[in-house]
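Report on the following structure.
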Amino acid sequence: ARYVIPGLHANATTPLTITSGLIYYIPIFVAETTTYTQISIEVTTGVAGGFISLRIFNWLAGVPGSLVLNAGQVTTDVAAVKNITISQQLTRGYYYLAYRTDKAGVAVTCLDPGQAQFAPVPGFHRLNLLPPSQLVLTVSAAFADPAPAPTLSSNAYVAVLLREN
């Protein structure tokens, strides 16, 4: 088994502080039907009493759509890799991984936006292996089904991993 961000590739990671109350939507591409057994995020700066919620959403014409999986929450109390056991099969296609914290000051390990990256979505990357432009969609909202519509974008917060069966 291995940890993946389906369709994404990067040369380096970096810790980045995420914004409390902001949902981060990460587009992924699943190349073949796969069952995932864990969803994970690495907290690099913990904040006592906080949580990070993790979800998977369907792709709906380039934006997050209906909820596929509410995986639950991990604590932000200590810096560590946080795993949630799941059993989620995804068929070939595009999806969004999503996360949201309720505490200010939490940092997570992300793909380094200053390093070469490949993005899973045509048109979401530049030539010559430059960082993807506007890859991660965001919205200041609580999670819902269907997903709250994104209002902003960033290339700096690709942080959720899936473990293949």
Every listed condition ((1) at pLDDT 95 or above; (2) farther than 24 Å from Ala144 by Cβ; (3) open to solvent by 50 Å² or more (accessible area, probe 1.4 Å); (4) touching a Pro at 6+ places or on another chain (Cβ under 8 Å)) holds for Val81 save (4)
Within the stretch 145-156, residues being part of a loop (DSSP other than H, G, I, E, B), open to solvent by 50 Å² or more (accessible area, probe 1.4 Å) and of a type outside the set (Asp, Glu) number 3
Among (1) surrounded by fewer than 18 Cβ atoms within 10 Å (Cβ to Cβ); (2) modelled with pLDDT of 95 or more; (3) within 12 Å of Tyr96 (Cβ to Cβ), Gly62 falls short only on (2)
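Quick one: which residue in Leu54, Leu67 is touching a residue at least 40 places away in the same chain (Cβ under 8 Å), open to solvent by 50 Å² or more (accessible area, probe 1.4 Å) and not in a loop (DSSP other than H, G, I, E, B)?
Leu67
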Counting only residues that are touching a Phe, Trp or Tyr at 6+ places or on another chain (Cβ under 8 Å), hydrophobic (A, V, I, L, M, F, W, C) and either open to solvent by 30 Å² or more (accessible area, probe 1.4 Å) or outside any loop (DSSP other than H, G, I, E, B) (or both), the stretch 11-47 contains a total of 7
Restricting attention to the stretch 19-33, the residues that are of a type in the set (S, T, N, Q) and out of contact with any strand residue (DSSP E or B) (no Cβ under 6 Å at 6 or more places or on another chain) number exactly 2
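The values are calculated or read from the model by the stated rules, or taken from the named source; none is laboratory data. Remember, it's a predicted structure, so these values are computed and weren't measured experimentally. Every residue, glycine as well, gets a Cβ built from its backbone with ideal geometry; the counts of neighbours run over all protein chains shown. Accessible surface is based on the protein model in full, side chains and every heavy atom, while ligands, DNA and RNA are left aside. Shrake-Rupley method; radii C 1.70, N 1.55, O 1.52, S 1.80 Å.
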